[in-house]
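Notes follow the structure.
Since every read-out is calculated from the coordinates, none of them should be taken as a lab result. From a predicted model like this one, the values you see are computed outputs, not experimental measurements. Don't worry about glycine lacking a Cβ; one is built from the backbone with ideal geometry, like all the others, and counts go over all protein chains shown.
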Amino acid sequence: MKDKKVVQLEDYRINKEHEKFSEYESWEVDYDYFNKKDWNGLVKYREKAAKQNKNDPYIQWRLGDAYVLNSEYEKAIDFLSKLYIKHPNFIDVQYSILDALFALDKDENSFEWIEKPEVIRFTEDILDMCYEFLKNKRKLITISDIYCNFIIAKGYLTFKEEELFEVLKKDKRFELIDKQLGVYDVGVKVVRKNKKKS
């Protein structure tokens with residue numbers, strides 16, 4: 001357990017840190033917490049912002065998302081549920097609720113949705129959709145581009161870019177370019193019939 005003086009010093013540091021930035025630079029404070037993976041600091045920072053902006057659903061959502069990042073899943077669901085009732089079509093709220101549910105080993109059926117969001121699980125159909133998406137592309141497309149195409153067009157994905165990369169790597173219909181790059185920057189293209197992978 002932390003000494004009371006240490007906690008007070010940390011709170012003082014956080015308050016002073018927040019005072020350094022104007023409202024237009026608040027993203028920098030957020031970014032700093034993200035880089036440090038200081039989820040507790042992020043929660044405190046966003047709680048303060050949410051308190052000052054009670055009618056801003058975006059700022060309220062960001063607090064709920066910080067609870068998820070800080071592994072406070074039940075608290076996140078409770079907090080975001082109230083926001084969801086007011087803004088049922090706010091997709092970021094829906095996805096943060098789903099993040100918390102899945103982190104608790106629950107699924108989308110464990111929540112009372114006004115309209116249940118589409119949840120996409122990895123199946124063979126995903127590979128077929130990747131193939132269809134890529135087959136007429138001339139320009140090299142990255143794993144991130146493919147992944148984002150699914151997020152924007154399809155729904156909440158239960159798999160990450162890394163998982164997509166591993167499966168595409170094994171499928172003979174796809175060629176991965178610059179595999180030494182980070183997963184997000186690896187290029188993917190369809191292998192043409194006259195150049196099938198061996």
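Observations on the model:
- Residues K139 and Y58, FRET efficiency given R0 of 45 Å [Cβ-Cβ distance, rounded to 0.05]: 0.85
- Restricting attention to the stretch 120-195, lysine pairs at least eight places apart or on different chains and with alpha-carbon atoms under 18 angstrom apart total 29.
- Ignoring aspartates and glutamates fewer than eight residues from K54 along the same chain, the ones with Cα atoms less than 19 angstrom from its Cα are E23, D30, D65, D78, D92.
- Placed amide H near F174: partners under 5 Å, 5+ positions off or other chain: V191
- Modelled this way, with points 7 Å down the Cα-to-C-beta line, the labels at D38 and R173 are 4.7 nm from one another.
- Using 0.36 nm per residue and subtracting the Cα-Cα separation, the extra length available between E162 and D92 on full extension is 23.0 nm.
- Stretching Y184 away from D128 to a fully extended chain increases their span by 18.2 nm, per 0.36 nm per residue minus the current alpha-carbon distance.
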